[in-house]
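Written out below as structure tokens is the structure these notes cover.
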Amino acid sequence: MSLTNPQIAEHFQELADLLEFGGTNPFRIRAYRNSVRVIEDYPESVADLARNESFDLTDIPGIGDAVAKKIKVLVDTGELPQLQELKATIPESVLDLLRVPGMGPKKAAVLYKELDVQSLEDLAEACRNDRVKNLKGFGAKTQQAILDGIQIAAAANERIYWATADELVQRLRTHLKKCKAIQELEFAGSYRRGKETVGDLDVLVVSQAGPEVMDHFGEFTEIASVTVRGDTKMSVRTKKAFQIDLRVVPRESFGAALAYFTGSKEHNVALRGLAKQKQLRLNEWGVFDTSGEEEVYVSGQTETEVYETLGLSWIPPELRENRIEFSTNSAHTMNRLIDANDLLGDLHMHTTATDGKGTLEEMVEAARSRGLQYIAITDHSQRVSMARGLTPDRLLEQWDQIDDLNAKLDGSFRILKGIECDILEQGGMDLPDEVLAQGDWVLGAIHYGQQQSLEQITERILEAIRHPEVDAIAHPTGRLLLKREPYAVDLRRVMTTCAEYGKALEINANPMRLDLNDIQLMHATELGIPIVINSDAHSTDGLDVLRYGILQARRGGLTPSRVLNTLPLEDFLKWRETRKSGTARGISTEEDA
Ligand code: DGT
Ligand code: CA
Ligand code: CA
């Protein structure tokens with residue numbers, strides 16, 4: 001496998017950081033730093049060019065002799081010897097020290113050499129023990145500033161849930177809307193792409209009055225500090241040390257800038273490559289014709305225009321990861337991604353019978369008022385004792401209540417009798433077959449034994465998929481974003497077994513789960529596995545998370561026809577009947593009409 005441009009760039013980034021730490025000649029360091037951006041942005045594979053005997057890497061503007069030689073070595077051997085040497089002498093964690101505001105490489109090096117400070121934790125401890133203030137060039141004030149800075153540095157490295165970013169975006173949008181000098185406003189970056197977690201916010205604004213916009217932005221009450229303020233760019237940190245970058249761009253560049261700062265980097269690299277093939281140049285200012293003597297602006301005011309100039313249909317931001325958006329690019333395929341209005345049902349939620357906060361009636365009312373036509377109540381089974389999981393008796397009692405309530409609803413809404421049945425540690429389902437057989441919808445889920453081996457966990461899940469009463473597997477990998485890795489599971493085998501037995505897989509829409517993820521959903525699509533997008537609500541408000549699941553589905557390229565709970569109730573019940581009679585082999589893999 002050939003190194004990608006971002007991978008090559010990453011090596012030079014590390015090299016520059018470590019050299020800076022070691023106090024090397026700043027000019028050399030700057031050369032490496034410049035090359036990072038150049039390599040990342042280069043529209044062709046730098047690795048391929050390095051292997052091409054007739055191409056001279058120094059022909060790339062911004063790549064000098066030293067860097068060119070290093071690229072060749074890196075591409076040939078997969079390693080940079082100098083980087084390996086530096087890494088062997090300097091622990092990687094010391095680079096974290098450089099993220100403390102006001103901490104340059106010189107100071108960091110002193111701390112490392114004099115006090116053996118190797119990480120942010122070491123540094124905090126050294127400050128608390130008053131060991132830092134006595135160092136030459138430091139002092140009590142510096143020590144305190146470092147201690148304050150550590151907190152910021154630690155938080156600044158953290159990503160936040162998309163849902164949390166969205167709340168911040170809504171508040172900031174409201175604030176910025178009040179600024180008359182702002183003509184256009186968009187939130188770009190990973191937020192716009194709907195990525196599960198967001199590293200920082202990228203705000204784009206069209207205005208003739210940059211300073212006025214920045215003054216207004218600076219008044220946003222959640223800002224703790226302004227890190228950079230230039231003519232067109234301002235960077236701030238919120239009180240929780242989250243970074244927001246705001247850029248002011250000219251109207252004729254808005255679309256090009258929006259595309260550029262929405263990313264992803266990988267998507268942008270591919271776009272620039274396409275431009276080059278057409279004798280065009282794409283950057284954050286626009287698309288330019290390079291065929292003549294002077295470059296001529298062709299487009300850039302809107303994104304649609306930019307994509308069209310490159311011969312593409314506009315691509316929804318959720319797909320911009322250089323995965324399927326170029327190979328499947330047509331107006332038809334780009335426009336038929338699932339959206340929030342397509343969901344008619346929600347097939348995973350809890351009530352006060354186990355660990356939910358809403359009663360059965362309250363959940364029904366909340367789902368109806370949100371425009372859903374059917375839901376499945378899926379409380380926990382008995383094994384989940386902490387949540388007062390349901391015994392067969394209690395479950396059957398709940399199902400009787402559901403029958404009564406359905407009778408009252410008289411067809412205006414339908415409650416399905418469901419269960420989130422535990423897949424036991426030793427294998428097998430947590431409730432007897434004859435009980436499960438009386439329900440309308442059975443989710444299998446792993447909650448215990450998550451530390452087991454890949455073989456054990458996979459086998460447990462496969463057994464559940466083969467179980468005749470099980471319809472779908474809930475949160476199939478068990479990951480908790482920013483908290484817990486997925487359990488060890490062979491998803492390939494899970495998916496082929498689902499395809500074979502006509503079983504569904506869930507996108508759990510809880511913003512901390514979003515499980516399955518985008519790439520896994522693409523695999524599921526290849527196999528024709530039906531997907532369900534579920535809230536896993538534990539309260540009436542919990543139903544509102546469905547929109548996060550929709551975003552994830554869009555990132556996975558899902559169309560409504562891939563998703564079971566877009567079906568009207570009748571069709572959904574028919575699907576289930578077919579599945580139970582053993583004839584279902586996945587839902588239609590044909591193109592939508
Ligand atoms: P994040 O903030 O880590 O969640 O992810 P992004 O995708 O928002 O990344 P960010 O904030 O660094 O940059 C926003 C977009 O701007 C990114 O998706 C592509 C573009 N961009 C920013 N810096 C560079 C760069 O150095 N090279 C390239 N090619 N694109 C960049
Ligand atoms: Ca960002
Ligand atoms: Ca950014």
Test: residue in the range 61-81 that is in a loop (DSSP other than H, G, I, E, B), touching a His at 6+ places or on another chain (Cβ under 9 Å) and not assigned by TED's automatic domain parsing to the domain that holds L282: yes
Any hit, the range 179-193, residues being modelled with pLDDT of 95 or more, within 16 Å of ligand 3 (Cβ to nearest atom) and basic (K, R): yes
Total residues in the range 474-488, condition in contact with a helix residue (DSSP H, G or I) (Cβ under 7 Å, 6 or more places away or on another chain) and more than 24 Å from L564 (Cα to Cα): 2
Residue in the range 156-173 that is more than 31 Å from the chain's Cα centre (by Cα), among the charged types (D, E, K, R) and either modelled with pLDDT under 90 or more than 16 Å from ligand 1 (Cβ to nearest atom) (or both) present: no
When residues of the range 260-286 are limited to those that are within 15 Å of ligand 3 (Cβ to nearest atom) and buried (at least 22 other Cβ atoms within 10 Å of the Cβ), the one farthest from A155 (Cα to Cα): N268
Residue identified as in the same structural domain as T238 (by TED's automatic domain parsing), in a helix (DSSP H, G or I) and away from ligand 3 (no atom under 16 Å from the Cβ) among T142, T164: T164
Criterion violated by L147 - all others in (1) within 14 Å of ligand 1 (Cβ to nearest atom); (2) under 24 Å from L123 (Cβ atoms) satisfied: (1)
Selected residue (only one of V236, V206, V198, V248 is free of Cβ contacts under 8 Å to residues at least 40 places away in the same chain and touching a helix residue (DSSP H, G or I) at 6+ places or on another chain (Cβ under 6 Å)): V198
Conditions (1) within 16 Å of ligand 2 (Cβ to nearest atom); (2) under 15 Å from I244 (Cβ atoms): number failed by H216: (1)
Residue among L258, L246, L282 that alone is touching a Leu at 6+ places or on another chain (Cβ under 7 Å), closer than 30 Å to R99 by Cα and either in the same structural domain as F326 (by TED's automatic domain parsing) or within 16 Å of ligand 1 (Cβ to nearest atom) (or both): L258
Residue among G292, G300 that alone is on the phi > 0 side of the Ramachandran plot and open to solvent by less than 70 Å² (accessible area, probe 1.4 Å): G300
Residue that is most open to solvent (accessible area, probe 1.4 Å), among those in the range 74-110 that are among the charged types (D, E, K, R) and modelled with pLDDT under 90: K106
Selected residue [at pLDDT below 95 and charged (D, E, K, R)] from D433, D410: D410
One residue from D231, D200 being open to solvent by 20 Å² or more (accessible area, probe 1.4 Å), more than 11 Å from ligand 3 (Cβ to nearest atom) and not assigned by TED's automatic domain parsing to the domain that holds E293: D231
Matching option when the condition is more than 10 Å from ligand 1 (Cβ to nearest atom), modelled with pLDDT of 95 or more and part of a strand (DSSP E or B), among M214, M234: M234
Residue that is nearest to ligand 1 (Cβ to nearest atom), among those in the range 178-211 that are hydroxyl-bearing (S, T, Y) and not in a strand (DSSP E or B): S190
Test: residue in the range 541-551 that is part of a loop (DSSP other than H, G, I, E, B) and not β-branched (V, I, T): no
Strands (runs of 3 or more DSSP E) enclosed by the range 397-510 - at least 2 residues per element that are open to solvent by 40 Å² or more (accessible area, probe 1.4 Å) and either of a type outside the set (G, A, S) or in the same structural domain as I377 (by TED's automatic domain parsing) (or both): none
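The values are calculated or read from the model by the stated rules, or taken from the named source; none is laboratory data. Nothing here was measured: the structure is a model prediction, and the numbers come from that model. When we count neighbours, we look across all protein chains shown, and the Cβ atoms used for this are built from the backbone with ideal geometry, even at glycine. Just the protein is used for accessible areas: all its heavy atoms, side chains included, with ligands, DNA and RNA removed. Shrake-Rupley method; radii C 1.70, N 1.55, O 1.52, S 1.80 Å.
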